[in-house]
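Derivation of every value follows stated rules applied to the coordinates shown; laboratory data play no part. The structure presented is a predicted model; accordingly, all values stated were derived computationally and were not measured. Cβ sites come from the backbone with ideal geometry, for glycine too, and all protein chains shown count toward neighbours.
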Amino acid sequence: MMMPAEKSDNLFCSLAGLVDERKTSTTVDSDPSKQAVKISVRNLNFFYGHHQALFDNTIDLFANQVTAIIGPSGCGKSTHIRTYNRIFELYRNQKAQGQILLDGEDVLSPEMNLIDLRKRVGMIFQKPSPFPMTIFENVAYGLRLHYRIGRNELADRVEMALKRSALWDEVQDKLDRPGTELSGGQQQRLCIARAIAVEPEVLLMDEPSSAIDPVATAKIEDLIEALKEKYTIVLVTHNMQQAARVSDYTAFFYNGSIVEFGRTEQIFKKPAMKQTEDYITGRFG
Amino acid sequence: MKPRSNWTRRSINFMVMAVSTLSSFIGIAVLVWVLYEIIYRGIGAFNWDFFTKLPTPPGVEGGGLANAILGTVVITALATLIGVPIGLFAGVFLAEFGLRSKLSGPVRFVSNILMGTPSIIIGVFVYAMLVVTVRHFSGYAGAVALAIIMIPLVARTTEDMLNLVPDTLRESALALGVPRWKTTLDIVFKAAKKGLLTGSLLAVARVSGETAPLLFTALNSPYWPGWLNKPTGNLTVTIYNYAMSPYTDWQQMAWGASLLITLGVLFLTLCARFLLQEKK
């Protein structure tokens, strides 16, 4: 794992203690560039009841980069990112072990304030799920929840979020219509607006375009490109072209383990592992 | 092996069809007959006095059931105020918070049993709790009895309706940093609003026709309900008393009361229907 030491020292003091553990982490064979680590996962194991779904996942996600997570269905991609905001805790019998550091703070620690964590780590789901409210309220809801905010500023921020998610032009005349009236692609962009309105630091996207049409998908991909200026993005995708198009880094998951992690060009052009190559060339999965 | 004869197959098919058609016709015929009798005999009792005057002794002209109408409305409203919130939150517990709890199984089981308990037993129970202890019948006791009948009904429909809300909606709310209680009350409730309202309406419709629990609690009275702290007039027990009486004018009143209750329940059920249909 390549990580510039001086960065890790001044930005994330607590990462210093992890230097030793780095030996055990998945090798990244490139890019010693000046990127800061935003999320650092160490030996993450995940269980559905007695069934273990993730095995010793160790990975570093760089700030303001798009990291794509690819792999066949059921390999643990979604399970993996669902630990970053601890959303899995909604369900009985699911538990995560190991360490996930967000700017050096342990996400899985019981002291972690979940509401604060989820404000910092936003999430977009596979199925667009607008709240049963108006378009405006969908975006305003999270803002009101996390900030004390006046009416004018609220309106401004809602507009800004809708513009950044490339939806404003399509909805500006019908902000008081229910969010559920929009098309699937628009709903998904509404969900993105809702997530970015509260100014998160990390945006988790769990197959955000698998349920929508190609035109809307293209819009969302453009959006991801634009959003990485401000956010660290983790994108789970089934679509390898999509991963190749929009991501800077790619992690290949197989059977709950991270087989390979590296720069996207490297993963797609000269993968180090046979399994990765087989998957990318379509020999399985 | 000989193939089964086509004739046998067809005749069995015909028989099953005939029996089920006949059964449904019998069911509908009885219902139509009851409705016809109630409307035919009850409509004559409807006049201005029926809705505005207090009852008169048998043989005295005029008089109405205004006190019983008001009593039924007030007792049912109070029962709704007590029963619906408790039922609603019990349903929330079962569907949302009880997932990790060992308590939810027993709660669901007890609630099912309570739902199947004959309403007269609830009446006797409340009689022992709230009538014997204060030594007089009261409208409050009636409202409590009806509320107890409503709780499991509302809890059950609430649980079902909340379970219909997809988990993705809960996840997206929680992922935005919405606390669990706010997710339930602000977002899941909003998504299930019509279903919850329908369930509550049907529970109200169900208890508004109950007689046995009121017989032991609110009893009946020919006076205005007042503060409900004494025997309180209500339509169902009035029907019971008047229909059993030998006086034709009282019997006429009982028919009118029956029609009124039937119309009320019909109205509530139609509201519920309408709400559910609008849902899609």
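In the stretch A:154-285, how does Rg compare with the Kirkwood Rh, expressed as the Rg/Rh ratio over alpha carbon atoms?
Radius of gyration relative to Kirkwood radius: 1.04.
What ranking do B:Cys271, A:Cys191 get, fewest neighbouring Cβ atoms within 10 angstrom at the top?
B:Cys271, A:Cys191
Just flag the trypsin sites (Lys or Arg not before Pro) in the stretch A:194-255 sitting in loop per DSSP whose Cβ has no more than 14 other Cβ atoms within 10 Å.
For trypsin sites (Lys or Arg not before Pro) across the stretch A:194-255 that sit outside H, G, I, E and B with at most 14 neighbouring Cβ atoms in 10 Å, the list reads A:Lys230.
At a 10 Å Cβ-Cβ cut-off, how would you order A:His146, B:His136, A:His80, fewest neighbours first?
Lowest count first: B:His136, A:His146, A:His80.
Taking K and R as +1 and D and E as -1, what net charge do the other residues with C-beta under 14 Å from the C-beta of A:Leu162 add up to?
Around A:Leu162, the charge tally is +1.
Measuring from centroid to centroid over Cα atoms, what is the spacing of the stretch A:64-82 and the stretch A:135-194 in Å?
So the separation of the two Cα centres works out to 27 Å.
Trypsin sites (Lys or Arg not before Pro) within the stretch A:124-171: which are DSSP loop residues with at most 16 other Cβ atoms inside 10 Å?
Here the sparse-neighbourhood loop sites are A:Arg148.
Can you give the alpha-carbon Rg of the stretch B:165-280 over 2.2 N^0.38 Å, where N counts its residues?
1.58
What chymotrypsin sites (Phe, Trp or Tyr not before Pro) does the stretch B:1-108 have in DSSP loop regions with at most 16 other beta carbons within 10 Å?
Those satisfying the criteria are B:Phe46.
Using the structure shown, select from A:Lys77/B:Lys190; A:Lys119/A:Lys230; A:Lys38/A:Lys228; A:Lys174/A:Lys228 the pairs with a Cα to Cα distance greater than 21 angstrom.
Table pairs above 21 Å Cα-Cα are A:Lys77/B:Lys190; A:Lys174/A:Lys228.
What is the antiparallel percent of DSSP beta bridges lying wholly in the protein assembly as shown, to the nearest 5?
Expressed as a percentage, antiparallel bridges in the protein assembly as shown total about 60.
With bins 10 Å wide starting at 0, give me the P(r) of the stretch B:1-152 over every alpha carbon pair, in whole percents.
P(r) for the stretch B:1-152, in whole percents per bin: 9, 18, 21, 23, 15, 9, 4, 1, 0.
Under 5 Å between amide H atoms, partner at least 5 residues away or on a different chain: which partners does A:Ile124 have, H built in plane at 1.01 Å?
Placed amide hydrogens put A:Leu204, A:Met205, A:Asp206 under 5 Å from A:Ile124.
Work out the P(r) tail for chain B: percent of alpha carbon pairs separated by more than 34 Å, whole number.
Cα-Cα pairs of chain B separated by over 34 Å account for 36 percent.
Give me A:Leu190, A:Leu143 ranked fewest to most by other Cβ atoms within 10 Å of their Cβ, as a rough exposure proxy.
Result, fewest neighbours first: A:Leu143, A:Leu190.
Can you check what the net charge comes to around A:Phe125, using other residues whose Cβ is under 9 Å from the Cβ of A:Phe125 (Lys, Arg +1; Asp, Glu -1)?
Around A:Phe125, the charge tally is -2.
Calculate for chain A the 222 nm mean residue ellipticity that helices alone would give, adding -39,500 (n - 2.57) per DSSP H run of length 4 or more and normalising by residue count, nearest 500 deg cm²/dmol.
Theoretical 222 nm ellipticity from helices: -9500 deg cm²/dmol.
If I take the Cα coordinates of chain A and project them onto the principal axes, what are the three extents in Å, biggest first?
Taking the Cα atoms of chain A, the three principal extents are 54, 43, 41 Å.
Bin by bin, in steps of 10 Å, what percent of the Cα pairs in the stretch B:1-87 do you find, going until the bin that has the longest distance?
Bin by bin from 0 Å, the calculated values are 13, 19, 19, 19, 11, 9, 7, 3, 0.
Can you list, largest first and rounded to whole Å, the semi-axes you get for the protein assembly as shown by taking the square root of 5 times each eigenvalue of its Cα gyration tensor?
Ellipsoid half-lengths, sorted descending, are 63, 28, 23 Å.
Would you work out the charge dipole size for the stretch B:69-279 about its Cα centre, treating the Cβ of every Lys and Arg as +1 and the Cβ of every Asp and Glu as -1, and quote it to the nearest 20 debye?
Value, rounded to 20: 400 debye.
Which one of B:Ile75, B:Ile121, B:Leu275 has its Cα pushed farthest toward the positive end of the charge dipole of chain B, where Lys and Arg give +1 and Asp and Glu give -1 at the Cβ?
Projecting each Cα onto the dipole axis, the largest value belongs to B:Leu275.
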